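Below is one structure; the comments refer to it alone.
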Ligand SMILES: [Zn+2]
């Protein structure tokens, strides 16, 4: 397959005097992925050890100067034995697996504890992103639409070795599930500075059809990124350097899919059923196409399992506390 060349076009960027956030990577464990489950064509035996990255995003409240702190994904749970039994069995197929440093240790490198984190936003609720939410006893958890049904096992959307969920994962009184992006959108309500505005309607931004401007100042958008798992969301951040960073979660697991060198992989389970890492492959491909366009516009794209980004010397200073 020929590489895909993306035409350069103007980014969907806000004006240059826009508000900004800071974005730091947090090391949150490593796991090993069988290549054949992710890309096609692939080697039958190749396995790649990749990170499960988390990110710290900080935004200064313009009226008080106090930061609002968000962690995007919590990576791997430091004590794998605290996962539910089906997840433990699946995790055993992802060895070598390392859970240190976990997200709490990585926050501590820069002097923060879970108590300093106002919001935990999950890209999605797969086991390798949920970490240990019990550490975050004050934070508000934000999940995409459909995540709660998945956690409670009431979704008929999918099954598969990697798709086991824990019904008691999140505290109901501190969890916000975003509205359905595909439903009619409600009217915007009032917004309190320093808080995330999660009650707003989904609206388009450039070629991205469904986004939420969570601080109402253009610094950080939640982006609906369907396909991988119900409720899968990404973040688009504008940083002080006028740079835009797109945190793509599990929209894609291998850069060669972005470049067109590989396609999304499929495999057969023990019953002979065709499986795909994405719950809805067609939607996942459309999401990847939108991300490819962002990259063509000069936006930096980082995947949760972005082993190339993690390994790049130039990014070492972009981890929190380094
Ligand atoms: Zn993942």
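Helix-only estimate, please: 222 nm mean residue ellipticity of the chain, summing -39500 (n - 2.57) across DSSP H runs of length 4 or more and dividing by its residues, to the nearest 500. Before the final figure, lay out each step's value.
Numbers: 7 runs with 47 residues, N = 322.
So the helix-based figure for the chain works out to -3500 deg cm²/dmol.
First check a/c for the stretch 160-205, with a ≥ b ≥ c the square roots of the eigenvalues of its C-alpha gyration tensor; if it is under 1.5, answer rounded, and if not, answer prolate when a/b is larger than b/c or oblate otherwise.
Numbers: a/c = 2.92, a/b = 1.58, b/c = 1.85.
Oblate is the answer for the stretch 160-205, as a/c is 1.5 or above yet b/c matches or exceeds a/b.
Once the Cα gyration tensor of the stretch 160-246 is found, what semi-axes does its equivalent ellipsoid get, as square roots of 5 times the eigenvalues, in whole Å, sorted largest first? Walk me through the numbers before you get to the answer.
Values: eigenvalues 111, 60, 44 Å².
Values for the stretch 160-246, descending: 24, 17, 15 Å.
Starting with the fewest neighbours, write out 299, 233 ranked by other beta-carbon atoms found within 10 Å of each beta-carbon.
Lowest count first: 299, 233.
Say we join alpha carbon atoms closer than 10 Å with springs in a Gaussian network model of the chain; which of 202, 267, 127 then has the biggest fluctuation?
Highest fluctuation of the listed residues: 267.
Compute the relative contact order of the chain as a whole-number percentage, counting only Cα pairs closer than 8 Å that sit 6 or more residues apart in sequence.
Relative contact order, the chain: 23 percent.
Counting only Cα atoms, I'd like the Rg/Rh figure for the chain, Kirkwood definition for Rh. Intermediate values should be presented prior to the final figure.
Working: Rg = 18.6 Å, Rh = 19.9 Å.
My calculation puts Rg/Rh at 0.93.
Counting residues in the stretch 72-178 as N, plug N into 2.2 N^0.38 Å and put the Cα Rg over that result. Please list the in-between numbers first.
Numbers: Rg = 13.7 Å, N = 107, 2.2 N^0.38 = 13.0 Å.
Relative to the rule-of-thumb radius for its length, the stretch 72-178 sits at 1.06.
With both bridge residues required to lie in the chain, what share of the DSSP beta bridges run antiparallel, to the nearest 5%? List each step's numbers first, then the result.
Working: 35 of 50 bridges.
Counting only bridges with both partners in the chain, antiparallel ones make up about 70 percent.
With 10 angstrom as the radius, rank 240, 261, 35 by how many other C-beta atoms surround their C-beta, starting from the fewest. Numbers along the way, then the final one.
On the way: 240 11, 261 15, 35 19.
Placing the least packed residue first, the sequence is 240, 261, 35.
Taking the chain as a Gaussian network, Cα atoms linked when under 10 Å apart, which of 107, 56, 169 shows the biggest mean-square fluctuation?
Of 107, 56, 169, the most mobile in the Gaussian network model is 169.
For each of 163, 106, 54, count neighbouring Cβ atoms within 10 Å of the residue's Cβ, then give the residues from fewest to most.
Values: 163 20, 106 25, 54 28.
Listed from fewest to most nearby Cβ atoms, that is 163, 106, 54.
For the stretch 174-322, what are the per-bin percents of Cα-Cα distances with bins 10 Å wide, up to the bin holding the maximum?
10, 35, 34, 17, 4, 0
Only the coordinates and a few stated rules stand behind these numbers; no lab work does. Everything numeric here is computed off the predicted structure, so don't read it as measured data. Cβ coordinates were reconstructed from backbone atoms using ideal geometry, including for glycine residues, and neighbour counts include every protein chain displayed.
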